[in-house]
Amino acid sequence: MFENKEQFQAAFKRRLETWFGKRFEDSTLQEQYHTLGYMIREHVSGDWIANNEKIRSGGKKQLYYLSIEFLIGRLLGSNLLNLGIREVVDKGLRDLGISLPEVEEFEDDAGLGNGGLGRLAACFLDSLASLDYPGHGSCIRYRHGLFEQRIVNGYQVEYPDQWLLHGYVWEVRRPDESVEVNFWGEVKTEEIDGRLGFRHVNAETVLAVPSDIPVVGYGTETVNTLRLWNAEPNPRQSVFRTNLMDYRRATDSITEFLYPDDTHDEGKILRLKQQYFLVSASLHSIIRTYLKQHRGIRQLHEHVAIHINDTHPVLAIPELMRLLLDEHGLGWDEAWEITTKTMSYTNHTTLSEALEKWPIRLFQPLLPRIFLIVQEINERFCRALWERYPGDWQRIEHMAIVAHDVVKMAHLAIAGTYSVNGVAPLHTEILKNREMNLFYQYEPHKFNNKTNGITHRRWLMKANPRLAETITELIGDGWKRDPDQLQQLQAYVDDAGLQDRAYTIKQMQKRKLADFIQRRYDIAVDENSVFDVQIKRLHGYKRQLLNVLHIISLYNHLKEHPNSCLDVPRTFIFGAKASPGYYVAKKVIKLINAVAERVNGDPRTRDMLKVIFIENYNVSLAELIIPAANVSEQISTASKEASGTGNMKFMLNGALTIGTMDGANVDIFERVGYDNFFLFGLRSEEVLSYYQNGGYNAWEYYHNSPVLQQIMNQITNGSFGGTAYEYGPIYDSLLTENDPYFVLRDFQAYKEAQERVAMCYSNRPVWQRMSLVNIANAGYFSSDRTIEEYVKDIWHLEKL
Ligand code: 26V
């Protein structure tokens with residue numbers, strides 16, 4: 001079908017006409033997209049079947065990666081790339097008068113995620129399949145992913161994300177593999193064969209129906225599966241006719257939204273329901289598959305590894321216990337041994353507001369049997385602690401899984417797994433020595449680091465094909481399978497020819513982004529300006545505010561010095577979604593847009609300074625923006641960003657980082673050195689010392705800096721539109737509340753680092769060299785390396 005252009009064209013036309021019952025000449029983009037999608041699915045089906053048969057016939061150990069998010073983005077382009085048929089298809093379509101890029105753009109991003117956590121899971125799937133490992137994802141099929149963000153009068157407005165509007169070509173619904181998941185009801189104890197047995201009665205049963213997406217590896221025959229679970233009414237559930245509608249609504253709502261609003265109990269229950277729904281359905285289906293070939297459940301851990309991505313799927317631990325105890329009749333000790341040998345866990349944040357704790361009053365009624373098991377885990381855990389630390393009540397209270405009327409999910413995760421990892425060395429050290437220090441003291445062998453990575457296939461080969469080709473011409477294409485080989489570029493960083501080519505490619509990518517901005521926002525940006533980009537979730541600790549304050553300072557400088565100009569013209573680009581209930585974050589978005597309006601509209605500044613806020617930042621926009629960036633903003637308060645992965649994508653595309661010693665910035669910095677990284681700001685020890693010993697006074701920095709005073713006054717006196725009170729919350733967070741993210745403290749250092757950016761950018765050979773050094777050192781940050789480390793240290797998989 002894809003052997004050559006002609007064959008492809010014939011198959012494509014025939015398929016389109018038989019599917020849609022119309023002439024090819026009359027087909028729409030949507031029909032062309034769907035035809036191509038189905039053809040690719042058909043193309044991989046042979047390998048997919050073979051892979052699924054291999055699983056069923058026993059053999060290799062399987063990994064299941066449970067995650068509440070998989071931010072997979074579009075699949076058409078990456079599937080074509082991984083299957084090695086992009087060129088044939090591109091040429092074939094072009095002859096038919098169809099543009100492949102246009103067809104690709106028709107696809108809606110599967111927005112099944114929110115940020116780095118979900119994108120990491122997606123990169124991992126790509127690497128697992130490309131490295132020939134049997135590793136599958138399990139997630140929820142949210143009918144609406146994270147909201148669609150629109151900017152109205154500068155404010156973020158949330159609309160439901162409609163990624164399923166045109167149907168989804170990549171999924172196969174498998175109703176025959178549905179499983180039941182139980183909520184509410186009561187637990188009855190009874191004697192079964194002389195043992196105490198538990199029965200969950202009067203439960204509300206929901207049907208979990210899987211849809212599978214094939215995950216294609218690059219140049220391999222491995223096709224793994226991403227399984228998405230949909231909640232549906234169970235026809236076997238007995239419901240009074242009058243309650244039918246309520247039951248249907250309750251069921252539908254489980255998989256309606258990603259991260260339902262949890263400011264009220266109702267939303268909290270919904271989130272907990274989602275989490276249990278995901279793990280219960282996943283475990284049922286994992287064990288069912290396992291038992292098709294293996295006799296005893298007692299060897300489960302030898303054939304199955306289950307990974308818990310952050311705390312959301314932690315209920316997998318008590319759920320596996322429940323299955324082993326109640327459905328397979330094992331005793332507690334053997335069940336616990338199997339569970340803790342099967343499960344591993346990654347922590348992705350130390351922010352206290354993101355550490356999940358569930359009130360017992362919600363947990364117990366919704367999941368009565370699971371709650372009993374968690375209580376038992378807690379009791380045994382505390383007893384073991386007591387034996388180890390007799391009399392140390394305070395320590396045991398701190399470490400308990402159930403305490404003060406809540407269930408602490410991170411504690412359950414550590415107690416119930418054999419491996420706990422952080423996502424960058426600094427983060428892991430903070431876990432071990434601070435946040436989870438008591439657990440580290442107790443079981444140091446469990447803790448390890450796995451520095452995050454990104455798939456260089458999507459983020460370089462797909463997003464920036466011209467750069468990829470140039471690299472290949474120079475060092476061959478070994479780097480595609482072994483990204484460490486990018487090191488070979490180091491020999492060419494001073495090569496004027498390469499510097500020029502890299503420059504030309506960057507300019508081309510900048511033009512492409514500039515065209516997009518022109519079309520979308522009717523704003524002309526100068527592709528000779530520095531493209532300085534900050535794209536990530538909006539959060540206080542990521543300090544988009546620091547970036548905006550600096551932009552305002554540039555603007556003020558230009559206004560006050562009528563004959564001055566910037567060392568280099570600058571375009572500041574933002575993309576960020578704020579959590580709908582995060583008031584200050586939304587004010588920051590408004591401020592960015594207000595500054596943009598002022599700066600872009602002012603004839604004095606608009607030729608030197610532009611600010612662009614790109615709405616609805618997502619994976620596809622990242623693929624457009626990152627290759628066009630000169631400067632990568634990674635300016636979080638040190639100690640707060642567990643790793644960051646955007647930083648790696650920018651580096652791989654030759655952008656230079658302006659950043660703090662935080663997360664994986666540290667590791668980037670260590671690889672490229674001072675000369676190729678714009679380092680600034682407080683170090684994590686200093687930040688942690690401020691938290692511990694106090695001593696930070698934001699007012700001091702305000703009073704000592706006329707520049708900051710002016711900016712803060714402008715923000716509050718209506719200079720940037722709105723009423724004078726519009727930005728009161730920002731003023732308060734920075735000053736009145738003595739900003740825990742130290743924006744004002746780091747302002748001067750940031751400003752100086754930005755001056756170094758301007759200086760270096762003005763000297764093209766210098767800049768191009770720095771950029772090439774970054775690309776040459778980016779191979780380490782491929783998720784292929786990360787996955788190999790997980791495989792070797794945690795999952796112990798064999799290649800297919
Ligand atoms: C999520 C939320 C959502 C609601 C608002 C508050 C809040 C605060 C933190 C989080 C983070 C959840 C976990 C997460 O996404 N962590 C990210 O994981 C990435 C992959 O390991 C890592 O690169 C990022 O540094 C880390 O923030």
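Quick notes
Residue-by-condition table, conditions (1) buried (at least 23 other Cβ atoms within 10 Å of the Cβ); (2) away from the ligand (no atom under 16 Å from the Cβ); (3) more than 17 Å from ASN630 (Cβ to Cβ); (4) over 24 Å from the mean Cα position of the chain (by Cα):
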residue: PHE516; (1), (2), (3), (4): no, yes, no, yes
residue: SER529; (1), (2), (3), (4): no, yes, no, yes
residue: GLN534; (1), (2), (3), (4): yes, no, no, no
residue: LYS542; (1), (2), (3), (4): yes, no, yes, no
residue: VAL548; (1), (2), (3), (4): yes, yes, yes, yes
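- When each of TRP393, TRP386 is tested for being in contact with a helix residue (DSSP H, G or I) (Cβ under 8 Å, 6 or more places away or on another chain), of a type outside the set (Gly, Ala, Ser) and more than 29 Å from SER643 (Cβ to Cβ), the lone residue that passes is TRP386.
- Residue check for ASP667: away from the ligand (no atom under 16 Å from the Cβ), in a helix (DSSP H, G or I), out of contact with any Phe, Trp or Tyr (no Cβ under 6 Å at 6 or more places or on another chain) and not aliphatic (A, V, I, L, M): no
- Considering residues of the stretch 655-664 that are in a loop (DSSP other than H, G, I, E, B), buried (at least 24 other Cβ atoms within 10 Å of the Cβ) and of a type in the set (A, V, I, L, M) only, the residue farthest from the ligand (Cβ to nearest atom): ALA655
- Matching residues, the stretch 166-218, being more than 20 Å from VAL279 (Cα to Cα), of a type in the set (Gly, Ala, Ser) and surrounded by 15 or more Cβ atoms within 10 Å (Cβ to Cβ): GLY217
- Within the set ARG383, ARG361, the sole residue that is away from the ligand (no atom under 16 Å from the Cβ), over 30 Å from ALA250 (Cβ atoms) and in a helix (DSSP H, G or I) turns out to be ARG383.
- Residue that is farthest from VAL152 (Cα to Cα), among those in the stretch 584-605 that are surrounded by 17 or more Cβ atoms within 10 Å (Cβ to Cβ) and among the basic types (Lys, Arg): ARG598
- If you check ILE523, ILE517 for being assigned to a loop (DSSP other than H, G, I, E, B), more than 27 Å from LEU351 (Cβ to Cβ) and in contact (Cβ under 8 Å) with a residue 24 or more places away in the chain, only one passes: ILE523.
- Hits in the stretch 635-654 (condition: assigned to a loop (DSSP other than H, G, I, E, B), hydrophobic (A, V, I, L, M, F, W, C) and more than 8 Å from the ligand (Cβ to nearest atom)): ILE635, ALA638
- Matching entry among GLU17, GLU87 (being without any contact (Cβ under 8 Å) to a residue 12 or more places away in the chain and within 30 Å of the chain's Cα centre (by Cα)): GLU87
- Of all residues making up the stretch 313-355, the number that are surrounded by fewer than 23 Cβ atoms within 10 Å (Cβ to Cβ), within 16 Å of the ligand (Cβ to nearest atom) and modelled with pLDDT of 95 or more: 2
- Evaluation of ASN243 against the conditions (1) more than 16 Å from the ligand (Cβ to nearest atom); (2) touching a residue at least 60 places away in the same chain (Cβ under 8 Å) shows that the sole unmet condition is (2).
- Of everything listed in (1) closer than 30 Å to ILE55 by Cβ; (2) away from the ligand (no atom under 16 Å from the Cβ); (3) assigned to a helix (DSSP H, G or I); (4) not small (Gly, Ala, Ser), the single unmet condition for VAL103 is (1).
- Matching residues, the stretch 163-182, being in a strand (DSSP E or B) and out of contact with any Pro (no Cβ under 9 Å at 6 or more places or on another chain): GLU180, VAL181, ASN182
- Test: ILE370 is buried (at least 17 other Cβ atoms within 10 Å of the Cβ), hydrophobic (A, V, I, L, M, F, W, C), in contact (Cβ under 8 Å) with a residue 60 or more places away in the chain and assigned to a helix (DSSP H, G or I): yes
- Residue check, VAL611 in a helix (DSSP H, G or I) and either of a type in the set (A, V, I, L, M, F, W, C) or surrounded by fewer than 20 Cβ atoms within 10 Å (Cβ to Cβ) (or both): no
- Output for the stretch 126-162, where each listed residue is in a strand (DSSP E or B) and of a type in the set (Lys, Arg): ARG150
- Single residue of LEU131, LEU112, LEU146, LEU125 found to be within 16 Å of the ligand (Cβ to nearest atom), under 22 Å from VAL304 (Cβ atoms) and among the aliphatic types (A, V, I, L, M): LEU125
- Within the stretch 610-634, the set of residues being among the hydrophobic types (A, V, I, L, M, F, W, C) and within 16 Å of the ligand (Cβ to nearest atom) comprises VAL619, ALA622, ILE626.
- Criterion violated by GLY581 - all others in (1) surrounded by fewer than 22 Cβ atoms within 10 Å (Cβ to Cβ); (2) more than 15 Å from the ligand (Cβ to nearest atom); (3) of a type outside the set (Ser, Thr, Tyr) satisfied: (2)
- Matching residues, the stretch 678-702, being aliphatic (A, V, I, L, M) and either in a loop (DSSP other than H, G, I, E, B) or more than 20 Å from SER733 (Cα to Cα) (or both): LEU679, LEU682
- Scanning the stretch 247-274 for residues that are in a helix (DSSP H, G or I), within 14 Å of the ligand (Cβ to nearest atom) and under 18 Å from CYS139 (Cα atoms) gives a single hit, ARG271.
- VAL152 vs. criteria free of Cβ contacts under 8 Å to residues at least 40 places away in the same chain and within 28 Å of ILE612 (Cα to Cα): yes
The values are calculated or read from the model by the stated rules, or taken from the named source; none is laboratory data. Predicted model, so just to flag it, every value in this text is computed and none were measured. Cβ coordinates were reconstructed from backbone atoms using ideal geometry, including for glycine residues, and neighbour counts include every protein chain displayed.
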